[in-house]
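Student: Shown below is the structure under consideration.
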Amino acid sequence: MPSTRQLKLRIRSVKSTKQITKAMQLVAASKMRRAQEADKVSAPYSQAASELLTYLASQGATKSHALFETRKVKSRLLIVIGSDKGLVGAYNSNVVKAYIRELQQDDKTGVKNETIAIGHKASQFVARLKDTAVAGVYEYLSDQPAGSELRAILDTARNKFVSGDVDAVDIVYTEFLSSINQKVTTVRILPAGFTETEVTREIREALYEPDTETVLDAVTYRLISAQLFQALLDGKASEYSMQMIAMKNATDNASELVDDLTIEMNKVRQGAITQELAEISGGVEALSE
């Protein structure tokens, strides 16, 4: 049985760990809220792009556009979004499982694939896989990636699709539904697609300069960029949400452990006191005889 001194040291160590996990929980909660706010801000932008593409599609402009070309998928590019750090619960393992399912599906159907890994943990896993072509690795991106960070990924995906190296581009990421509910999903961004929506009068009567084709190029690229940006924001919000929950669980477990150790220490202390009293009583009895 450990001594009182040993138990005190363990209690002190657990309390110190509890302070760290509590601080990490609060930091993750703050970052999650910021990621949620950024997620909401980007929604109107995607809505405007979909509205404009709906109008251009109704005019037949998208039928012959390279980024809208639908062809039989013989090869595809997978963009996998993971985290850069650990202590995020099952976040990375869930993404990896979904990614493996996509690879297994490609093996069954005879589809070749390449991978772009986003996040240090995702890149570590992809690097360990045999016979996996890696088209790019991007680590430690900011919580709200700037244009230059997105362009490097988007240009790789677009060039491979337009050149015919791949016939589809999919993103494997964690969709943020709520602070306690996240779902790993796969979304196709190429060939380009959009949700048809009601077109406002301003869009219908607008003049497109220099021409419709140039506008379509720009808007399509922006829409794909918005979809990738949205996936990155969702991934960050989900990451911080799961980190917050993991750190809360760790903090609660530390509190329970401190309570258990305190009870054990009190038992050891009480046992020592009882032992001392017994020895005193035994000594008194021996002297009285």
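Student: Quick test of your reading of the structure: T17 fulfils all but one of (1) polar (S, T, N, Q); (2) touching a helix residue (DSSP H, G or I) at 6+ places or on another chain (Cβ under 7 Å); (3) under 29 Å from I153 (Cβ atoms); (4) at pLDDT 75 or above. Name the failing condition by number.
Tutor: (3)
Student: Among the numbered conditions (1) buried (at least 20 other Cβ atoms within 10 Å of the Cβ); (2) over 32 Å from the mean Cα position of the chain (by Cα); (3) not charged (D, E, K, R), tell me where P210 comes up short.
Tutor: Tallying (1) buried (at least 20 other Cβ atoms within 10 Å of the Cβ); (2) over 32 Å from the mean Cα position of the chain (by Cα); (3) not charged (D, E, K, R), P210 fails exactly one: (1).
Student: How many residues are of a type in the set (G, A, S), within 13 Å of E114 (Cβ to Cβ) and without any contact (Cβ under 8 Å) to a residue 60 or more places away in the chain when one looks only at the stretch 129-163?
Tutor: Result for the stretch 129-163: 4.
Student: Specify which of the listed residues (A135, A152, A127) is modelled with pLDDT under 95, farther than 29 Å from M247 by Cα and assigned to a helix (DSSP H, G or I).
Tutor: On inspection, the qualifying residue turns out to be A152.
Student: Let me ask something additional. Looking at the stretch 85-124, which of the residues that are surrounded by fewer than 17 Cβ atoms within 10 Å (Cβ to Cβ) and not in a helix (DSSP H, G or I) is farthest from the chain's Cα centre (by Cα)?
Tutor: Once the filter is applied, the top-ranked residue is G110.
Student: Identify, please: which residue in the stretch 173-193 is β-branched (V, I, T), surrounded by fewer than 24 Cβ atoms within 10 Å (Cβ to Cβ) and at pLDDT 90 or above and is, among those, nearest to M244 (Cα to Cα)?
Tutor: Among those that are β-branched (V, I, T), surrounded by fewer than 24 Cβ atoms within 10 Å (Cβ to Cβ) and at pLDDT 90 or above, it is V184.
Student: Under 8 Å by Cβ, and 6 or more places apart or on different chains, what pairs join a residue from the stretch 21-35 that is touching a residue at least 24 places away in the same chain (Cβ under 8 Å) and farther than 14 Å from N249 by Cβ with one that is among the charged types (D, E, K, R) and surrounded by 17 or more Cβ atoms within 10 Å (Cβ to Cβ)?
Tutor: K31/K236; A35/K236
Student: Then there's this: Quickly run through the stretch 53-72 and pick out the residues that are more than 30 Å from the chain's Cα centre (by Cα), of a type in the set (A, V, I, L, M, F, W, C) and either modelled with pLDDT under 75 or in a loop (DSSP other than H, G, I, E, B) (or both).
Tutor: Selection gives L56, A57, A61.
Student: With (1) in a helix (DSSP H, G or I); (2) touching a residue at least 24 places away in the same chain (Cβ under 8 Å); (3) in contact with a strand residue (DSSP E or B) (Cβ under 9 Å, 6 or more places away or on another chain) as the list, and V187 as the residue in question, which single condition is left unmet?
Tutor: All conditions pass for V187, except number (1).
The values are calculated or read from the model by the stated rules, or taken from the named source; none is laboratory data. Values in this document were obtained by computation on a predicted structure and should not be read as measured data. As a convention, Cβ positions derive from the backbone with ideal geometry for all residues, glycine included, and neighbour counts pool all protein chains shown.
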